[in-house]
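The values are calculated or read from the model by the stated rules, or taken from the named source; none is laboratory data. Just so we're clear, the structure is a prediction, and the values are computed from it rather than from any experiment. Note that each Cβ is placed from the backbone with ideal geometry, even for glycine, and that neighbours are counted across all protein chains shown. Calculation scope for accessible area: heavy atoms of the full protein, side chains included, ligands and nucleic acids excluded. Shrake-Rupley method; radii C 1.70, N 1.55, O 1.52, S 1.80 Å.
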Amino acid sequence: MTVEENVPIAPITTFCIGGPARYFVRVTTVDELREALAFAKEKDLKPFVLGGGSNVLIDDAGFNGLVIKIELMGVEQEGEALIAGAGESWDVLVARAIEAGLWGIENLSGIPGTVGAAPVQNIGAYGTEIKDTLLWLEALDMQTGEVVRFANAECGFGYRTSVFKREPRRYVIMRVALQLKKDGHAQASYKDLGGMDSATIAQIRAKVLDIRAGKFPDLSVEGTAGSFFLNPVVSVEQAGQLASKYAGMPQFAVAGGVKLSLAWLLDNALGLKGTAVGGARLYEKQPLVIAAARNTPARDVRALADLVAQKIKDECKIDVEQEVRVIV
């Protein structure tokens, strides 16, 4: 294990902006992770565990602690289950499942980031979430130093959340097992996949990748962390009030209330699509997404996010939650 100092971390995040890490280390084994955490404790440093850098925004001042880049690799297949190290690319794992004819995660094609980060957010897209296929995962308990196995029901999954997101300083995911199946079929309930009920697994992946290409910025040109905000869940009463005010507003019944399309509200109720602060703007094709030109300061992104949150609060009386984690 080699600890580096004052390392730029913007290049290993999808936003490609922000300051350096005071200390930085790459870990490829559980023992190296324990060693890195011991180093942080010895130096009285706050540790931050980084996967693919696809759901974070690094502050302009950087991170005055220890960034631990997870690079635990390896993929095994046991029957119809895939077991992958936390450092593996999520989309590469999806492609491997497709090649093996294993159904279950094809709708999650094209999502950037690592396997280890996927359960933290309970990533989801086009009617599918990782909780639908997760069999178990192994995580290092940073309080005890022990590796703990979590069954699906123990992960506390919810809409873009889990126990690992709610306790970010407690666990570091090491391995993830997904229960897939050979005799699956297309999950085409999402409107963009309409008419694809009989599609092959490869056709579903191709369609999802095509949809995503039309909704998200080209990372070779500008930075983004994907959807910056979560879709809000409000009471039935509030949803009814908003629906009477905004004709055609999409709404979906979920546990605990009604989920609204924040993208629709930002575009149709507030007309904010394309709104910019400095080099950051709400993406023209999907206003849940904040795109940032190269060399944009992180403060522009944060100011735009604050502006959006305030406007949706003032107009719709909704408190929106950021999906992207700001690292300071």
Using just the helices of the chain, give the 222 nm mean residue ellipticity in deg cm²/dmol: DSSP H runs with n ≥ 4 each add -39,500 (n - 2.57), and the total is spread over all residues, rounded to 500. -7000 deg cm²/dmol
Peptide ranges 306-313, 203-210, 61-68 listed from the most packed, as the mean C-beta count within 10 angstrom indicates: 61-68, 203-210, 306-313
Calculate the dipole size of the chain relative to its Cα centre from +1 charges on Lys and Arg beta carbons and -1 charges on Asp and Glu beta carbons; express the result in debye to the nearest 20. 680
Residue with peak Gaussian network fluctuation, the chain [Cα springs, cutoff 10 Å], from ALA125, ALA247, ALA38: ALA247
Compute the Rg/Rh shape ratio of the range 201-307: radius of gyration over Kirkwood radius, all on alpha-carbon atoms. 1.03
Rank these by accessible area, largest first, 1.4 Å probe: PHE157, PHE229. PHE157, PHE229
Give me the tail of P(r) for the range 102-233 as a percent: Cα-Cα pairs with distance above 20 Å. 51
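Report, to the nearest whole %, how much of the accessible area of the range 22-166 belongs to carbon and sulfur atoms, 1.4 Å probe, protein only.
Accessible surface attributable to carbon and sulfur in the range 22-166 totals 48 percent.
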Computed Kirkwood radius, in angstrom, where 1/r is averaged over Cα pairs of the range 177-234: 14.1
Does the range 132-197 come out rounded, prolate or oblate, given a ≥ b ≥ c as the square roots of the eigenvalues of its C-alpha gyration tensor, rounded meaning a/c under 1.5 and, failing that, prolate meaning a/b above b/c? prolate
First check a/c for the range 1-117, with a ≥ b ≥ c the square roots of the eigenvalues of its C-alpha gyration tensor; if it is under 1.5, answer rounded, and if not, answer prolate when a/b is larger than b/c or oblate otherwise. oblate
Approximate spin-label separation ALA38-GLN77, in nm, with each point projected 7 Å along Cα-to-Cβ: 3.9
With a ≥ b ≥ c from the Cα gyration tensor eigenvalues, square-rooted, and the rule rounded for a/c under 1.5, otherwise prolate when a/b > b/c and oblate otherwise, the range 45-111 is prolate
How far apart, in nm, are two points set 7 Å out from the Cα along the Cα-to-Cβ line at VAL328 and at ASP218? 3.5
Take each uninterrupted DSSP H stretch in the chain, measure its Cα extent along the helix axis, and return the ones at 24 Å or beyond whose mean Kyte-Doolittle hydropathy is at least -0.5. 298-316
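Calculate the FRET efficiency for TYR190 and ASN64 from the Cβ-Cβ distance with a Förster distance of 41 Å, rounded to the nearest 0.05.
For TYR190 and ASN64, the calculated efficiency is 0.45.
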